[in-house]
Structure formats: C-alpha cells, structure tokens
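The values are calculated or read from the model by the stated rules, or taken from the named source; none is laboratory data. Values in this document were obtained by computation on a predicted structure and should not be read as measured data. Using ideal geometry, Cβ is built from the backbone for each residue, glycine included, and neighbour counts are taken over all protein chains shown.
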C-alpha cells in the first residue's frame, strides 16, 4: 500500500509547485495522474521516490517512510521511468541489465541475466536484444526503459508519460503489459499521462491535478465531464463505446 | 515488496548471443593486455642502446645478466617504462571518467584546464621560486635544476584548478555543460597567465618554461613512479567500483537517480579523483596531450559505452599508447630522444579527427 501524505514542493520560497497533496494506492492498482501541462504531475512523481525532496510530507510504503530511506534502498522499492532517456552506444540487453543495479553487488549473476531475458520476452523485445539502443526508434527505446524498470523488481512503478513516444498499437501493448504485471504481482503503478481515453480505460484510480493541487480523485466513473472541463478549460463529453468511456471535446 | 520468486516464475532462457557479445569484449581487453606487455618489454629493450629481450627478462626476474644492461634497465628504462604505463593508464582512465561525469565526449584533463594549470604552476615556480636556472647535460639537453619546487607548484595549480571546478559543481551547478565551460574558461585563463609570464621571462626562464611544458616520461625516477602508482592504482579501483554508476549516468541523470545513484556525489567524487590523478601525472611528467581524450574514444569503438569494459580497456589502451609513443620518440631521431608529448599530439590529433569524421564520437 502506497500512502502519499501532505506532500508540498516549492522551488522558490513562497511559490508552491505542489500544495499539500495526499492520496493512496493499493496493491494491484494503477493510478493515473492527469492534468494540464505544468499541473505538477512529473513533480509529484519525482517526489514520491525522493528524486526531488519535498519540503513537507510523507511517502509511506509498507508502513515505512520512503523519503528517509537511502537512495539505493528506494531504488529496490520503486522503479522509475523518466520522460526523457539517453540512448547511448550500448546493447538493449545491457540497457535493461542496468535495471539490476540496485540488486547487484560486485558482479552480476546468472539470475540477473535470466531476469533480463524473461522481461525482454515478456515485452516482445527479444528480437532487439543485441541491437544498440541508439539505433532504436523512440517507441522501442521507451519499451526498453520500461523493461529496465520492470527488471528492477520494484513494488511500485513510477512511469512518467510511458506512452508518449509510442504509436497506438504500442501504447495499448505497453499499457496491457503494465496492467498484467501490476495485477499478477499485486504491485502498484503511478503513471502520468495526457491521453484521457487511455487513462480512463486502464486506471483503477484517476487523480486530476491542477495548479499543484488535487482537483479531483476517484475511479474513472466518478470523473464527470464538468470536472474535466474545469481542469482543462475545454468542454468535453464522455460517451460510452463498447463499454469503454470515450472523452470527446465538444 | 519485490517481485518475489513465488510471484513471478522465471524461465531461465539461454542467451548465447549475449555471451558471444561479452566474450568479444573480453577478448579485446585480453588483446590489449598482450599489447601492453609487448610494448612494456619493448620499451625496456629499445633505445639508444638496444638491450636483447633475454637480458630484459633476466633482469626483471632478478637473474644474473650483463651488469651494464642491468644498470641501464634498473636506473633508466624500467622507471621510464613504468612511468609511461602508469601515466598512460591514469590519463586515459581520468579522461574516460571525465567524459562520463560531464557527459561530454571532449572530457579530458585538457578540456577542464587542469593541464594548463600545471603549466602555469611550473612557469610561476621557474620565474618566482628560482627553479628556472638551467644547466646543460652531456646529451646537450636542458634540465630544470630544482624540479621539486616546479612539481610542487604545478601540482598546487592543478589541484586549485580542479578544486574551482568541483566547488562550482558543488555550490552552483552540476550541469555537465557548466562544468565543461568552466574548464574551458579556466584553461584559457591559465594559458593567458603562462603567456604573460613568458613575455616577461628572460631567455633562460623562457627556455625552462617551454622545456617543462613538453611532457616526457624520461623525467621520472623511482620515487616519482611510486608516488604516481600510489595515486593511480587506488583511483583506478575507485572508478571500477563505480562502473555501474557511470553506466547509469550514461542513461540520463533522471534514470540514474531512479536507479538509486546519487548523481551529484558520483559526479563530484569522480571529478576529484580524476583531477588528482591528472594533477600528479602532469606535475611529474609535464603536459601529455591527447592520451586522456583519444584512448577512451578508441576503446568505445570496440566495447561501446559500457563502463564495465570502458574503464579497464581505456586503462590498457592509454598505457599501450604512451608506451608505443615513448618507444617511437626514442628511436625516431636516434640518438636524440624526443619528449613523448610531441608524439602523442602527432598521433592523437589525426586519430581524433579520423574518429570524429568516421562518426565514432557521439
């Protein structure tokens, strides 16, 4: 169980980027952070795993305050995929193997290699195993970064716009894979997104941020067109298509 | 908390391609070890007086051999070869780590102004601390009469330059671009300082400053070799222990932080250790350009950006490059011995251009 309590972040004195945010996420849940640009989604994500130290607040996981843990320990609990990732002259296998860093002592073991192989298969990346990551498409690189977070074996995934560089098929593939792994292993995922339709389809809980505050939170069904209109400043309608909610700007 | 074994059953799959890929990298490193060994023995053997390899091996093993050869090997060739081995490794490994921590392919002791600071320190010592009186040797070369004052000043300036960069990184910004630009600015400032001193120096002092700036492994005796080893060996171990951190930084600062790397500390400590290694080498041997820049780029072509391999491979290639350059410097204009820095620049500049034009440098 992830509990985020009263998180406040400011870059300058008196200017709050996040203002007293609290939410919780249970095991097997996907929480999607939504909101307009600059709402504080990425800042919140970076505060959860202490990449950015919040001025106030607590992040609890299994009744331990994550913010007081050493960085190496946090990396064993939380896997983070950043919005931007560098692509160097290294193989896909090695790029994913890097995810084992928090668990590796002096030397990698055959188990580490086996775990990397397993994740590469699970994400359908086995054909790219020996490809250099600087030769991958944006979508493939995104998948590799997600694979790296998976192989970290965290309890919580923090994914910053994981579908931003992917085509529609890959967006669905990735979100299905994330959902499968999260559900099967009773993990928790906190994901920032801009695609409202995918968010409504895959989220167990939606948190709408606006100007550093939580404007609304709850299941997809509890988010009304009025709430979305107020957050985004655009009139929308939510219609149902084959049982899936579809958000249409008016 | 973690994907436990009972939660996710791992199917152990074979990965023969990856094994081959790693094997090729290890083979490359083994080849570099062989090149280093051959270069080392050749460096001891080749010179104004050629010593047979059998005599070299006998002397190195402590077996009886020709007393004349033993004398040359023990007092001249062996310290020279060891100085080239240690300095080459140290400069290359410092360059490799600087390229990682400042995330810039131009990272090297030169780019960060450390070498120029050493030259400025030596110029200060020669002009103001009285170490600039020259004397002719039998071979017609000139030597600085009080090398310890010169070394001390050069070292002080190198450390000062590194310290300025580290302090800027610590208190202002660890942004790689800021670090590189600070290095460029410091390098320019120290070069200007050296030129200023040269302008007001008399003929002898000017000759001494220029002479000092020619990096040469021939200056090292056993004491200097030992001091360099004391700094370079633990420094190398430190870098090897941090190899995963450097790999993580290559993937991006945010990703590295997500993997539990304290990026700022890794960057600052890497800079401190790399600067210290460079400062010791530059102070004892003078400016040896291009080894720190070119060696990591050469090996990246074969082992990629993976610091598990870049660090040992850079270390070995730097040693081999300096050993081979030193041999060439000894035999090119026999019986005259050129400073090795002339050769490294001659080899390094076109090689760097080749790597750049063949798009081997990011």
Does region B:339-353 contain at least one residue that is at pLDDT 85 or above, within 28 Å of residue B:22 (Cβ to Cβ) and surrounded by 18 or more Cβ atoms within 10 Å (Cβ to Cβ)? no
Scanning region A:212-250 for residues that are under 21 Å from residue A:182 (Cβ atoms) and in contact with a helix residue (DSSP H, G or I) (Cβ under 6 Å, 6 or more places away or on another chain), which turns out modelled with the highest pLDDT? A:220
Can you tell me which residues in region A:184-206 are over 14 Å from the mean Cα position of the chain (by Cα) and either in a helix (DSSP H, G or I) or crowded, with 24+ Cβ neighbours inside 10 Å (or both)? A:184, A:196, A:197, A:200, A:201
Count of residues meeting criterion [crowded, with 18+ Cβ neighbours inside 10 Å and part of a helix (DSSP H, G or I)] in region A:127-138: 2
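Can residue A:132 be described as at the interface with another protein chain (Cβ under 9 Å from one of its Cβ atoms) and touching a helix residue (DSSP H, G or I) at 6+ places or on another chain (Cβ under 7 Å)? Even if it seems obvious, please write down each step before you answer.
Details: at the interface with another protein chain (Cβ under 9 Å from one of its Cβ atoms): yes; touching a helix residue (DSSP H, G or I) at 6+ places or on another chain (Cβ under 7 Å): no.
Taking the combined requirement at face value, the residue does not satisfy it.
Taking residue A:166, is it over 13 Å from the mean Cα position of the chain (by Cα), at pLDDT 90 or above, farther than 12 Å from residue A:31 by Cα and surrounded by 15 or more Cβ atoms within 10 Å (Cβ to Cβ)? Show your work before the answer.
Numbers: over 13 Å from the mean Cα position of the chain (by Cα): yes; at pLDDT 90 or above: no; farther than 12 Å from residue A:31 by Cα: yes; surrounded by 15 or more Cβ atoms within 10 Å (Cβ to Cβ): yes.
Considered against the rule, which asks whether it is over 13 Å from the mean Cα position of the chain (by Cα), at pLDDT 90 or above, farther than 12 Å from residue A:31 by Cα and surrounded by 15 or more Cβ atoms within 10 Å (Cβ to Cβ), residue A:166 comes out as no.
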Unmet criterion (only one of (1) more than 14 Å from chain A (Cβ to nearest Cβ); (2) modelled with pLDDT under 80; (3) surrounded by fewer than 12 Cβ atoms within 10 Å (Cβ to Cβ)) for residue B:65: (3)
Taking residue B:115 as meeting all but one of (1) within 20 Å of residue B:352 (Cα to Cα); (2) in a helix (DSSP H, G or I); (3) modelled with pLDDT under 80, write down the number of the exception. (3)
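Of the residues A:175, A:159, A:209, which single one is farther than 25 Å from residue A:115 by Cα and either in a helix (DSSP H, G or I) or modelled with pLDDT of 90 or more (or both)?
On the way: A:175 fails: farther than 25 Å from residue A:115 by Cα; A:159 fails: farther than 25 Å from residue A:115 by Cα.
Within the list A:175, A:159, A:209, the selection yields A:209.
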Among the residues of region A:79-115, write down those that are over 29 Å from residue B:104 (Cα atoms) and more than 7 Å from every other protein chain (Cβ to nearest Cβ). A:109, A:110, A:111, A:112
Return yes or no: is residue A:149 part of a helix (DSSP H, G or I) and either modelled with pLDDT of 90 or more or more than 11 Å from every other protein chain (Cβ to nearest Cβ) (or both)? yes
Just the residues that are within 14 Å of chain B (Cβ to nearest Cβ) and either surrounded by fewer than 17 Cβ atoms within 10 Å (Cβ to Cβ) or in contact with a helix residue (DSSP H, G or I) (Cβ under 6 Å, 6 or more places away or on another chain) (or both), please, taken from region A:22-57. A:27, A:28, A:49, A:50, A:51, A:52, A:53
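Out of the residues in region B:196-255 meeting the condition of being touching a strand residue (DSSP E or B) at 6+ places or on another chain (Cβ under 8 Å) and away from chain A (no Cβ under 14 Å), tell me which one is farthest from residue B:325 (Cα to Cα). Don't jump to the end; show me each part of the working.
Within region B:196-255, the first condition is being touching a strand residue (DSSP E or B) at 6+ places or on another chain (Cβ under 8 Å), and the residues that meet it are B:204, B:207-208, B:211-212, B:254-255.
So of that shortlist, the ones also away from chain A (no Cβ under 14 Å) come out as B:204, B:207-208, B:211-212.
Numbers: B:204: 29, B:207: 24, B:208: 23, B:211: 18, B:212: 18 Å.
Looking at the filtered set, the residue picked out is B:204.
Can you pull out the helices (runs of 4 or more DSSP H) entirely within region B:244-344 that have at least 2 residues that are within 18 Å of the chain's Cα centre (by Cα)? It would help to see each step written out before you state the result.
Values: elements: B:253-258, B:263-285, B:291-303, B:307-331.
Helices (runs of 4 or more DSSP H) meeting the threshold: B:263-285, B:291-303, B:307-331.
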How many residues are in a loop (DSSP other than H, G, I, E, B) and within 15 Å of residue A:206 (Cα to Cα) when one looks only at region A:217-246? 3
